[in-house]
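These notes concern the structure reproduced below.
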């Protein structure tokens, strides 16, 4: 991390070749983005490449040729140029994504990669044309390659970043992991869930389907206890059926196991609205996991 | 800028920690300082400090005493930050200074990152993360947002996140964190360049960046995944690039102006409030420049006509630096105006209540109607020493500003109009502190600091770069370093303490009524289950459960207000009015999600249903929640230990259920 900029050696590369090389890198970045390339490669190569080329080109367009001194009374470009590279590295993908929104092009991987690459190439060619390519009557300025000391500086920065990343990872790993243990009871009568009333003729059997999901602990084979009340009193002729608990297949919501069940009871003999309460207590659950469903039952003649 | 301004700033040498002491002592001290601020030592200190911050979070998450985890946290931050900060200020090498500043930026990003590295936790983060996920899944910008409706019209954050996600394959959250880190570093370097341009000293630039890094918004608020964190970087760079352009010549002046306008465009499409502040500061600087030019011209005319009695000489032409500021202002105003009119018109109605409301509340407070006021740091576990330092920050800033004002008066004519105008803009911080006491104004006041601290950073840098030469009494050399470190520590601790409160800064056991520590897996899975069974339906829920339901289940949650008092379903012991029932039924808000923990403790943030909550500051009576199980118009269809989901059937309102069989 020393004054790398001052220690450049005399090794140079032809500017035309460098331009072609950068165009090739942008093309490769697009190909890697569109192809099913592993995330680490895309994150560590594609994004930095597009940001560096696009941002660096835009910075070159703004600042012109590298001066490396304060001859114009402005801060030396040595710091301004890389920082502007990052600034434009944000503005280029932002602008190219917003541009896609104008003709309502869907923001797919291919569209974003191509639009960003297109803007990058325009900036690259404009910047190379302005700052490096031969001018009237003069030979092109050859571009100096990084020296050994620059490489050492990059290695030093990499080592520092790795150490800081390791410390960050350690700080994350030591955080306590909490696993919430709870059960979730849901009604499986789609019509009721959608808002249709649960109706039954007086004295007929009523069937309610339910699903019990456990989070943080598995359900056991022991039957859960089920209590049913209708209109505030215990229901008549209650039959509870349930499947054995199975590992949950509900992708995305993280339950450990589930069991499905039904509860049947006889509807009251008088018409009217009745509050029907179903309480299920899983055997392996904490005592507080007694969960209830409450449905308004409309009894008709 | 004339060539005389290019000389190395003589005052920079006096800031050296070894100035004014004997050569042998100086050499020994320099060796020690060099070893302590050598890169390996610096990076190791930063790594150990980061780990200690992690330890403090572990302590707070485990319910340790607040004193312990606060002390551990600050031990970690100071260990990680101070060596880098010291090197940034004292380094004589430009690259070392740059890397030290980058390290400072990284370390000030870490506490918020560690707070929730893998998923959103703050209110605005849920809104922006959900927006980005929606944009990515539907492939279109401008998606509606139930948490912060205005986010729809400022797609900068979502567009950038979508771009990085598509290019890298990282998750939207990781992409967002990467963008925020880049923006955070850019903002610090932007302040560095700004101060270096204006104060003609790289050391002043580093001091300004450091002061900016200490602002109350910087460590937690502007490092959250939200639009302001990104837009602030653009804001700073508009000022830096315009300042550079105002001092440049030829083609570079043009390209720098265009770059400033591009940055302004980035701010316009990303964040409304940043755009407002940007227009304000640009107008202020340009106006000051014009006023100064007119004053100079008038004096020149008076001098020519009255004293010399000679032929009239041509008037001095307009200062081209002023024209740059007007050009950037004009361009920004046109972009902002077009964006507002053609894309983001709802912004007007969104922002107006904040301005009007806070002014009215402040006026009411001055009329001694204390019920509208708020108590700073109320119900906080923040240690007394951190509160004391928080109280010291405006005091120190005030003293610094006063001293700077006196020094600037003696140096009239030395500093450019834009330098003085930007410093004056920093004084906005002081009236904004008053708004902390008005409920609607508190957030706005805090939000203004990310901008006004740019000016305060210039003031501080102007003053501190000349630290030993402030006049009498002179500070002895051996005291300079300790004094500098103590002031830095007080500003750092006090600044962060004046920002977000404990539940936002530290993980902890479940605490009802905060966006962060009220988040539960139960609410998330209940929302996902409801969405699986009923689809993306409309729901009434408290403001904390709503975050989970919207972000993870894509449910449309009601935003209660006095005109739509949906809270009455829960915060009242009576049935909802016919009028409310009609609104709910007509708008298809057919589901109600209740977290019974609102009956166990009052909300930490004061309300469960936003500012109109009739039970603000109080626990919801459990009877109010239990009665929902006994009314015919609500059926509980999903249930966990703490959450209950009801299907509303409001046409049954007014009917009585029967008892018995």
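The values are calculated or read from the model by the stated rules, or taken from the named source; none is laboratory data. Predicted model only: the values in this text are computed from it and were never measured. Here the Cβ is made from the backbone with ideal geometry for all residues, glycine too, and neighbour counts use every protein chain on show.
Within segment B:576-593, the presence of at least one residue that is away from chain A (no Cβ under 14 Å), assigned to a loop (DSSP other than H, G, I, E, B) and touching a helix residue (DSSP H, G or I) at 6+ places or on another chain (Cβ under 9 Å) is confirmed. Count of segment B:40-79 residues, restricted to those that are in contact (Cβ under 8 Å) with a residue 60 or more places away in the chain and either at positive phi or at the interface with chain A (Cβ under 9 Å from one of its Cβ atoms) (or both), is 9.
Of all residues in segment A:154-188, count the ones that are at pLDDT below 90 and over 27 Å from the mean Cα position of the chain (by Cα). Residues that pass the stated criteria total 5. Can you tell me how many residues within segment A:115-130 are buried (at least 17 other Cβ atoms within 10 Å of the Cβ) and in contact (Cβ under 8 Å) with a residue 24 or more places away in the chain? Number satisfying all stated conditions: 9.
Would you please list the contacts, defined by Cβ atoms under 6 Å and residues six or more apart or on different chains, that run from a residue in segment A:143-161 that is within 11 Å of another protein chain (Cβ to nearest Cβ) to a residue that is at pLDDT 75 or above and buried (at least 16 other Cβ atoms within 10 Å of the Cβ)? Correct list of pairs: A:160/B:43. Can you say whether residue B:364 is modelled with pLDDT of 70 or more and either assigned to a helix (DSSP H, G or I) or over 29 Å from residue B:289 (Cβ atoms) (or both), as far as the supplied structure shows? Spelling it out, it is not the case that residue B:364 is modelled with pLDDT of 70 or more and either assigned to a helix (DSSP H, G or I) or over 29 Å from residue B:289 (Cβ atoms) (or both).
Okay, residues lined up against (1) closer than 21 Å to residue B:642 by Cβ; (2) touching a helix residue (DSSP H, G or I) at 6+ places or on another chain (Cβ under 7 Å); (3) surrounded by 21 or more Cβ atoms within 10 Å (Cβ to Cβ):
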| residue | (1), (2), (3) |
| --- | --- |
| B:481 | no, no, no |
| B:504 | no, no, no |
| B:527 | yes, yes, yes |
| B:546 | yes, no, yes |
| B:564 | no, yes, no |
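All of (1) away from chain A (no Cβ under 14 Å); (2) in contact with a helix residue (DSSP H, G or I) (Cβ under 6 Å, 6 or more places away or on another chain) hold for residue B:149 with one exception: (2).
Of all residues in segment B:527-544, those being farther than 19 Å from residue B:133 by Cβ and at pLDDT 95 or above number 6. Among the residues of segment B:640-661, those that are touching a helix residue (DSSP H, G or I) at 6+ places or on another chain (Cβ under 8 Å) and part of a loop (DSSP other than H, G, I, E, B) comprise B:640, B:641, B:642, B:653, B:657.
One residue alone among A:183, A:166, A:191, A:234 is within 30 Å of residue B:57 (Cα to Cα), within 13 Å of another protein chain (Cβ to nearest Cβ) and free of Cβ contacts under 8 Å to residues at least 60 places away in the same chain, and that residue is A:166. Scanning segment B:476-507 for residues that are part of a loop (DSSP other than H, G, I, E, B) and at pLDDT 90 or above yields B:506, B:507. Summed over segment A:244-301, residues that are modelled with pLDDT under 85 and part of a loop (DSSP other than H, G, I, E, B) total 18.
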